[in-house]
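Colleague: Quick one: structure below, then a few questions.
The values are calculated or read from the model by the stated rules, or taken from the named source; none is laboratory data. None of these values were measured; they are calculated from a predicted model. Using ideal geometry, Cβ is built from the backbone for each residue, glycine included, and neighbour counts are taken over all protein chains shown. Only protein heavy atoms, including side chains, enter the accessible area calculation; ligands, DNA and RNA are left aside. Shrake-Rupley method; radii C 1.70, N 1.55, O 1.52, S 1.80 Å.
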Amino acid sequence: MKGIMKKSLALILAGTMLIPAGCGSSADSGSSSTDSAATESTTTDAAADTSADAAADTTDAAADTTDAAADVPADAHVLNIWCWNDEFQSRFNDYYPEVKEVAEDKSTTTLNDGTIVKWTINENKDNNYQNKLDEALLAQESAADNDKIDIFLVEADYALKYVDSDYTLDVKNDIGLTDDDLKDQYQYTKDIVSVDGVQKGTTWQATPGLFAYRRSIAKDVLGTDDPDEVQAALADWDKFDEVAAKAADKGYKMVSGYDDAYRTFSNNVAAPWVTGTTVTVDKNIMRWVDQTKTYTDKGYNNKTSLWDDAWAADQGADGKVFGFFYSTWGINFTLVGNAGDDGFGDWAVCYGPEPYYWGGTWLCAAAGTDDADLIQDVMRQLTCNSEIMSNITREIQDYTNTISGMEAIASDSSFGSDFLGGQNHIALFSESAKKIDMSNAGPYDQGMNENIQKAMKDYFDGNVDLDTAKTNFETAIKELYPELTEVVWP
């Protein structure tokens, strides 16, 4: 096993170590931001380095890792959890029943049985988290018991990198979760971390997407801010484009920038990015390109990029943007923060033109752990316990991975979001979540999604023509994935 495992991850390191981290949320005691997710559009330049250089940089930068409880007694029983922000740490500390106390600096959590949970947090920037995780996993077998990784977290866009390797354990056969434990979870959340029918991760959240819009702007453009009527006006892309023209006539932008609608298109492709060694650019990706170029040329967007200051400002009180495509974490945390107090009551949500999802965080059990029983309990309590997850949703409005729990909240007439003017957004999320299809997800998604967006920005700005943008995309992905031999365009 030792040789096989090292070869498996060595191949991963050579092929994907430099892919920047994908989108996700971060939280601090229930108030999330998406600073770590900003790496989707800002860290692709790191792909120019060689994997050897990156590995060396990772080793040199080891001291940057969060100083996780250096004073833990040598004889303590330690559960090591690796992540890139404090979102799961907050959920764990606030909702795991076995928590006894949390260190003042939050570097450790002590459980009722004396186990010390040691948190190692490396931010995503410049692929820092994945690089350090990969190095640690390569050293897993030779590490001391208290230094071995027990649980590590992954995001949707690169989950398969780890799921399809020997470094993750089967959550059923190895960890002990049962079909009954997992039966109330959304199917797509299980599919995304499964290979050949083997599930190797689990999550407390589901991340269906909606379209969040400014009520005041909707009233000015459409004469109504009612979610059902706004949805009727935005029910497909042709209607969406018609409203964009009306908004422009009133002095508004339909979306903020180039990337806002991307996930809605990319989640509705007809086939995976890669089959064999051939890359196929789906026609739905080119629909995004065509729409975004039109919106840029006609002034329907504000020429921003996800996570930049101008994009965030467009969500503030002085913003003139009709709406934003956001998933659960985005609406409940990022948009709320960017909109500020003046935004409360001036936003609502509707389904938008197509169902989609964006982001999500999964727990994986690391091969080599000696804590399978404890990991089983953590996973069962925090990803399978409907009561705990429903409490998370009711208390901090994080959309959780319990179908029955979300449907109960969706039908609760007393539940609503003050930010959304009292609207029960969980009702919309619960319907959208049922339509998520992960059948076309693949291990190359992160690199493809990031590089197509990067390559097309020069085209949107008029710096290159479309053929040149296509060539630049082909060059970038062939450098990133040398094993890919052909790119087919619709």
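Colleague: Counting just the Cα atoms, what span does segment 433-490 cover along each of its three principal axes? Round to the nearest Å and put the largest first.
Modeller: Principal extents (largest minus smallest coordinate, Cα): 41, 28, 19 Å.
Colleague: What size of dipole, in debye to the nearest 20, comes out for the chain about its Cα centre when the only charges are +1 on Lys and Arg C-beta atoms and -1 on Asp and Glu C-beta atoms?
Modeller: The calculation lands at about 1180 debye.
Colleague: Could you grab the relative contact order for segment 288-361? Cα pairs under 8 Å, six or more apart, rounded to a whole percent.
Modeller: Relative CO of segment 288-361 lands at 23 percent.
Colleague: While we're looking at this one, here's another question. Hey, if you put +1 on the Cβ of every Lys and Arg and -1 on every Asp and Glu Cβ in the chain, which of Met456, Tyr188, Asn80 ends up farthest toward the positive end of that dipole?
Modeller: Going by the charge dipole, the pick is Met456.
Colleague: In the structure shown, do any of Lys246/Lys457; Lys253/Lys320; Lys132/Lys200; Lys219/Lys253 have a Cα-Cα gap over 18 Å, and if so which?
Modeller: Cα-Cα > 18 Å for Lys246/Lys457; Lys132/Lys200; rest within.
Colleague: Which value, in Å², gives the accessible area per residue of segment 427-472 when a 1.4 Å probe is used on the protein heavy atoms?
Modeller: Per residue, segment 427-472 has 41 Å² of solvent-accessible surface.
Colleague: Which of the listed residues, Gln130, Gln205, Leu111, is farthest toward the dipole's positive end in segment 104-214, when Lys, Arg count +1 and Asp, Glu count -1 at the beta-carbon?
Modeller: Selected residue: Gln205.
Colleague: Along the charge dipole of the chain, Cβ charges K/R +1 and D/E -1, which of His425, Thr224, Trp311 sits furthest on the positive end?
Modeller: Of the listed residues, the answer is Thr224.
Colleague: Further question: Using alpha carbons only, how many degrees (0 to 90, rounded to 10) separate the axis of helix 51-60 from the longest principal axis of the chain?
Modeller: Computed tilt is about 60 degrees.
Colleague: What part of the accessible area of the chain, given as a whole %, is carbon or sulfur when the probe is 1.4 angstrom?
Modeller: 45 percent
Colleague: Where does helix 466-480 land angle-wise versus the long Cα axis of the chain, in degrees 0 to 90, nearest 10?
Modeller: 0 degrees
Colleague: Another question, then. Compute the accessible area per residue over segment 279-394, keeping the other protein chains in place, probe 1.4 Å, unit Å².
Modeller: Solvent-accessible surface per residue comes out at 32 Å².
Colleague: Only bridges whose two residues both fall in the chain count here: according to DSSP, what percent of them are antiparallel, nearest 5?
Modeller: 70 percent
Colleague: I would also like to ask the following. How large is the charge dipole for segment 266-403, taken about the Cα centre, if only the Cβ atoms of Lys, Arg (+1) and Asp, Glu (-1) carry charge, to the nearest 20 debye?
Modeller: Dipole size: approximately 720 debye.
Colleague: Related question: Highest mean first, how do 150-158, 248-256 rank when packing is the count of other Cβ atoms within 10 Å averaged over residues?
Modeller: Going by the mean number of other Cβ atoms within 10 Å, highest first, we get 150-158, 248-256.
Colleague: For the chain, what is the relative contact order in percent, using Cα pairs closer than 8 Å and at least 6 residues apart in sequence?
Modeller: With pairs under 8 Å counted, the relative contact order is 22 percent.
Colleague: Need the full-extension length gain, Glu395 to Asp75, defined as separation in residues times 0.36 nm minus the C-alpha distance. One decimal, nm.
Modeller: Answer, rounded to one decimal: 111.5 nm.
Colleague: Place a +1 charge on the Cβ of each Lys and Arg in segment 332-485 and a -1 charge on the Cβ of each Asp and Glu, then give the dipole magnitude about the Cα centre in debye, rounded to the nearest 20.
Modeller: 260 debye
Colleague: While we're looking at this one, here's another question. Calculate, for segment 125-200, the solvent-accessible area per residue in square angstrom, rolling a 1.4 angstrom probe over the heavy atoms of the protein chains.
Modeller: Counting only protein heavy atoms, the per-residue value for segment 125-200 is 36 Å².
Colleague: What angle do you read, to the nearest 10 degrees and between 0 and 90, between the alpha-carbon axis of helix 283-298 and the longest principal axis of the chain?
Modeller: Long axis of 283-298 versus the principal axis of the chain: about 50 degrees.
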